[in-house]
Structures are given as structure tokens and as C-alpha cells.
1. Go through D55, D70 for me and flag whichever is farther than 23 Å from A7 by Cβ and open to solvent by 10 Å² or more (accessible area, probe 1.4 Å).
2. Identify all residues within the range 154-190 that are surrounded by 14 or more Cβ atoms within 10 Å (Cβ to Cβ) and of a type in the set (F, W, Y); write none if there are none.
3. Of all residues in the range 37-52, which are closer than 17 Å to L85 by Cβ, of a type in the set (A, V, I, L, M) and surrounded by fewer than 20 Cβ atoms within 10 Å (Cβ to Cβ)?
4. Can you report the number of residues in the range 23-41 which are out of contact with any strand residue (DSSP E or B) (no Cβ under 7 Å at 6 or more places or on another chain) and free of Cβ contacts under 8 Å to residues at least 60 places away in the same chain?
5. Scan the range 74-90 for residues that are within 25 Å of E116 (Cα to Cα) and open to solvent by 40 Å² or more (accessible area, probe 1.4 Å) and jot them down.
6. The conditions are (1) out of contact with any Phe, Trp or Tyr (no Cβ under 6 Å at 6 or more places or on another chain); (2) at pLDDT below 90, and G205 fails exactly one of them. Which is it?
7. Starting from the range 96-117, keep only residues that are open to solvent by 10 Å² or more (accessible area, probe 1.4 Å), then list their pairs with residues that are assigned to a loop (DSSP other than H, G, I, E, B) and at pLDDT below 85 whose Cβ atoms are within a distance under 6 Å, requiring at least 6 positions of separation or different chains.
Amino acid sequence: MTDEGKAVRVLLAEDQGMLRGALALLLDLEDDMEVVAQVAAGDRIVEEALAARPDVALLDIELPGRSGLDAAAELHERLPECRVLILTTFGRPGYLRRAMEAGAAGFLVKDGPVEELAGVIRRVLRGERVIDPALAAAALSAGPSPLTQREQDVLNAAGDGATVADIAGRLFLSESTVRNYLSAAIGKTGTRNRMEALRAARQNGWL
């Protein structure tokens with residue numbers, strides 16, 4: 001229970017309905033927890049949180065509509081009393097760094113037991129920061145993203161097979177500038193072309 005003797009209010013953001021339902025059921029079985037909101041899309045997180053006023057928001061990263069990391073940053077600003085816990089399939093070092101920058105109180109991968117999850121929720125409410133230890137070690141060894149924001153933007157825009165002209169039009173840049181950013185991103189990721197650079201950046205959680 002919280003200090004006031006009330007159940008811990010939890011918001012769940014997970015796009016896989018079966019997993020979301022299972023998490024909600026299992027957390028509701030905890031005597032001191034109550035799932036007060038469930039969302040399947042990232043662009044619904046902040047609105048639902050402002051309405052439900054959860055104590056903890058449990059967010060996946062890769063969600064339709066909006067990344068859980070982007071939503072976490074806005075939640076941190078607009079509902080600072082809500083502790084954000086990232087729970088994801090993708091244990092990527094870059095994601096961990098971005099989650100911490102967004103103000104997340106914890107970062108776990110989904111292969112742990114639900115009993116551990118309930119314990120982590122209680123720990124972050126006590127003010128602890130909880131991070132998967134293997135992922136923390138990987139993040140320290142990987143270092144920060146080498147890509148600038150513009151290089152990230154250009155790589156993201158290239159993700160659907162867009163041409164240089166398409167990317168230039170979408171980002172209001174000249175074609176030569178787009179080529180320069182792509183070339184820089186390819187060099188920094190140690191890859192041979194923009195699709196390999198995009199894949200490497202995603203695998204490291206830099207995008």
C-alpha cells in the first residue's frame with residue numbers, strides 16, 4: 001500500500017492485447033496494486049495518465065502512434081509525481097540511455113517473472129532507480145549515440161525506402177545536405193550503406 005493505505009495505481013501501455021491483459025490480471029492479484037488504465041497506443045499514454053493519475057506508468061517502447069520513450073519524457077514534465085517504468089522486449093543500450101534522459105525510474109526487459117515486476121514497482125515508488133543489470137553494463141560499454149539529431153532524422157526518414165529527394169522534401173533540406181548526413185551516419189555506424197546504418201542504429205537503440 002501507499003503511505004495513505006491506498007493501493008498503488010498503475011497505468012499499463014502495451015500494444016499486445018494478450019500480454020497487456022495478462023499483466024493487468026497478475027498485477028491486480030497483488031494486494032497493494034490496482035491497474036487503473038490500459039492503453040494500446042503511445043499517443044494515448046499522456047491523456048490517460050492525466051485522467052487516471054497513476055502512481056506508476058508501465059510503458060513499452062515500441063508502440064503505435066508514439067514511442068513510449070517520448071511519452072515518458074512528457075509524463076515526467078506534466079505528471080512528475082508519476083514514476084515511469086520501462087518494460088520492453090528490446091534490451092538495447094541506447095534505449096536505456098534515452099529512458100534515463102526521459103526521467104524513467106526503471107528499465108526492465110520482459111523476460112523476468114511478474115513477481116519481480118511487482119517488487120520493482122514497489123521499489124521505484126520508494127524512490128529507487130531500478131535497471132536490468134546486464135543492460136546497464138552493456139550501456140556503459142556501448143557509450144552514447146554518435147549520431148547527431150539531424151543524422152537521426154535523416155536515417156529515420158530513409159526507413160521506408162525513400163529516395164534522397166523524398167527525404168530532402170520531407171525534412172526541408174537540400175539533396176546535397178541529405179547525402180552529407182547519410183554519409184556521416186554510415187561512417188559513424190561503420191556500415192556500408194544507409195540501410196545498414198539504419199539497422200545498426202536501431203539495434204543499438206539510437207533511433
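The values are calculated or read from the model by the stated rules, or taken from the named source; none is laboratory data. In this text, all values refer to a predicted model and were calculated from it rather than measured experimentally. Methodologically, a virtual Cβ is constructed for each residue, glycine included, from the backbone with ideal geometry; neighbour enumeration extends over all protein chains shown. All accessible areas refer to the heavy atoms of the entire protein, side chains included, with ligands and DNA or RNA removed. Shrake-Rupley method; radii C 1.70, N 1.55, O 1.52, S 1.80 Å.
1. Residue meeting the stated conditions: D70.
2. Across the range 154-190, the qualifying residue is only Y181.
3. A52
4. 5
5. Answer for the range 74-90, where residues must be within 25 Å of E116 (Cα to Cα) and open to solvent by 40 Å² or more (accessible area, probe 1.4 Å): H76, P80, E81, R83, T89, F90.
6. In the conditions (1) out of contact with any Phe, Trp or Tyr (no Cβ under 6 Å at 6 or more places or on another chain); (2) at pLDDT below 90, G205 misses (1) alone.
7. Short answer, once both residue conditions are applied: L108/D132; V109/G91; V109/D132; K110/T89.
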